[in-house]
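The values are calculated or read from the model by the stated rules, or taken from the named source; none is laboratory data. In this text the structure is predicted, and so the values were computed from the model without any measurement. In this analysis, Cβ positions are derived from the backbone assuming ideal geometry, glycine residues included, and neighbour counts consider all displayed protein chains. Accessible surface areas use protein heavy atoms only, side chains included; no ligands, DNA or RNA. Shrake-Rupley method; radii C 1.70, N 1.55, O 1.52, S 1.80 Å.
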Amino acid sequence: MSTPPRVARGRFAPSPTGPLHFGSLVAAVASYADARHGGGEWRLRIDDVDVARARGDAADDIVATLARHGFHWDGNIVRQTQRIQRYDAAFAALRARDHVFACRCSRAALAQAPLGAAGERIYPGTCRDAEIAVGVADAGIAWRLRVDDAVIEFTDRVQGRQRQALATDVGDFVVRRSDGLYAYQLAIVVDDADDGITDIVRGADLLASTPRQIWLQRLLGLPQPFYLHVPVAINPRGDKLSKQTGARAVDADSLASLIAAWQFLDQPLPSVAPASPSQFWEHAIRAWTPSRIPPVNMLPCPPHWL
Ligand code: GLU
């Protein structure tokens, strides 16, 4: 019996903190071309679980920008703020099996801990065995996931073999914050599984988070998707483009932005210059060649899009 060809389902999951900049467009272009190249589906999700960072009109703005760049998503747009019950259920499952513990450590208390692979403090285990008797939503209490001695290995489709010892590189990490919000790591793992995402294509700034997400998938009994991390666009100071670095919005000329993102990913250009985003996509979906993407974590942003 032969195996039917795998139909991929990809997604783009921007956080609505500001308008779409060049770095996020690169991730959107890569995930879209990757999914559509094999005839797969592509979903759009607004990662607004961190309501404190979300900016009111940013989601609508991003959606309009994507439409102007010729992206077509399948199904309805998912919003994390409408999915809190799903995160509650995942958290309850982890808690029932004692995978999480309550933590009262303040940021100041952790300031002396060494920095880990993802640029965050490695949790020193302070509250791990303290058995603090609290309700889930008690003020000032965060919930951390035990990492045990798990060593997570996976092969990224561009960045190659990856390996992280969670205990020494990250430590027990927060899945529910002291302000009651679910952490990004928990939310996206539940979202991607519920949505049947098979291929996660995103910026390499999230490469160091991937082992935590795989660990969560294992504890929750969820399938592990394929991963492809594209280089992150950085400014001359070496910072990832963001609202904080004042990165400009990609709005003005959508065709030029698409072509610049395509070149950033070192993808084959068409012999005849496309005249519209839809002509660009006709070529791009056909020509997508992930093996050409530079296997590095960051690359300089073209000056025009800084
Ligand atoms: N929402 C995340 C961001 O904008 C991306 C999440 C993901 O792709 O896994 O950085």
Pop a pseudo-label 7 angstrom from the Cα along the beta-carbon direction at both Glu282 and Ala64 and give the gap in nm to one decimal.
2.9 nm
Amide H neighbours of Met298 at under 5 Å, excluding residues fewer than 5 places away on the same chain, with H built from the backbone geometry, are Val232
Give the separation of the Cα centroids, segment 74-91 to segment 209-241, in Å.
19 Å
Dipole of segment 1-142 [Lys/Arg +1, Asp/Glu -1 at C-beta], most positive-end residue of Thr81, Ser31, Val100:
Ser31
Of all DSSP beta bridges in segment 1-159, antiparallel share, percent nearest 5
45 percent
Suppose we keep just the alpha-carbon trace of segment 1-99; what are its Rg and Dmax in angstrom?
16.3, 52
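Can you give the Rg/Rh ratio of segment 251-306, where Rg is from the C-alpha atoms and Rh is the Kirkwood radius?
Working: Rg = 11.7 Å, Rh = 12.1 Å.
So for segment 251-306, dividing Rg by the Kirkwood Rh gives 0.97.
Given a cut-off of under 8 Å on Cα pairs at least six residues apart, what relative contact order in percent is computed for segment 32-84? Could the numbers behind the result be given before it?
Numbers: 38 pairs, mean separation 28.4, N = 53.
Reported as a whole number, the value is 54 percent.
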May I ask you to compute the full-extension gain from Asp179 to Arg107, defined as 0.36 nm times their residue separation minus their alpha-carbon distance, rounded to one decimal in nm?
24.6 nm
When the convex hull of its Cα atoms is projected in every direction, mean area for segment 130-180 (nm²)
4.9 nm²
Round to the nearest 10 and report in Å² the accessible area of Arg45, as given by a 1.4 Å probe over the protein chains' heavy atoms.
10 Å²
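Scaled to the compact-protein estimate 2.2 N^0.38 Å, what is the alpha-carbon radius of gyration of segment 105-207, rounded to two decimal places? Before the final figure, lay out each step's value.
Numbers: Rg = 15.3 Å, N = 103, 2.2 N^0.38 = 12.8 Å.
Compactness ratio reported: 1.19.
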Treat every Asp and Glu Cβ in segment 1-52 as -1 and every Lys and Arg Cβ as +1, leave all other atoms uncharged, and give the resulting dipole magnitude about the Cα centre to the nearest 20 debye.
260 debye
According to a simple spin-label model (label point 7 Å from Cα along Cα-to-Cβ), what is the distance in nm between Arg292 and Arg95?
5.1 nm
Given segment 149-262 reduced to its alpha-carbon atoms as identical point scatterers, what log10 I(q)/I(0) does the Debye formula return at q = 0.10, 0.12, 0.19, 0.21 Å⁻¹?
-0.39, -0.56, -1.15, -1.25
3J(HN,Hα) from dihedral phi, segment 111-119, Karplus parametrisation 6.51/-1.76/1.60, rounded to Hz, x for glycine, proline
5, 8, 5, x, 7, x, 4, 8, x
Integer Hz, Karplus 6.51/-1.76/1.60 couplings in order for segment 167-174, x for Gly and Pro:
4, 8, 9, 10, x, 4, 10, 6
Rounded to a whole number, what is D in µm²/s for segment 48-141 from Stokes-Einstein with the Kirkwood radius over alpha-carbon pairs (37 °C, 0.692 mPa s)?
191 µm²/s
Between Asp253 and Arg55, take the C-beta separation as r, use R0 = 25 Å, and let me know the FRET efficiency to the nearest 0.05.
0.60
Could you work out the Kirkwood radius for the chain, taking every pair of different alpha carbons, averaging 1/r and inverting it, reported in Å?
20.4 Å
Per the helix-only calculation at 222 nm, which mean residue ellipticity applies to the chain, given -39500 (n - 2.57) for every DSSP H run of n ≥ 4 and division by its residues, nearest 500 deg cm²/dmol?
-9000 deg cm²/dmol
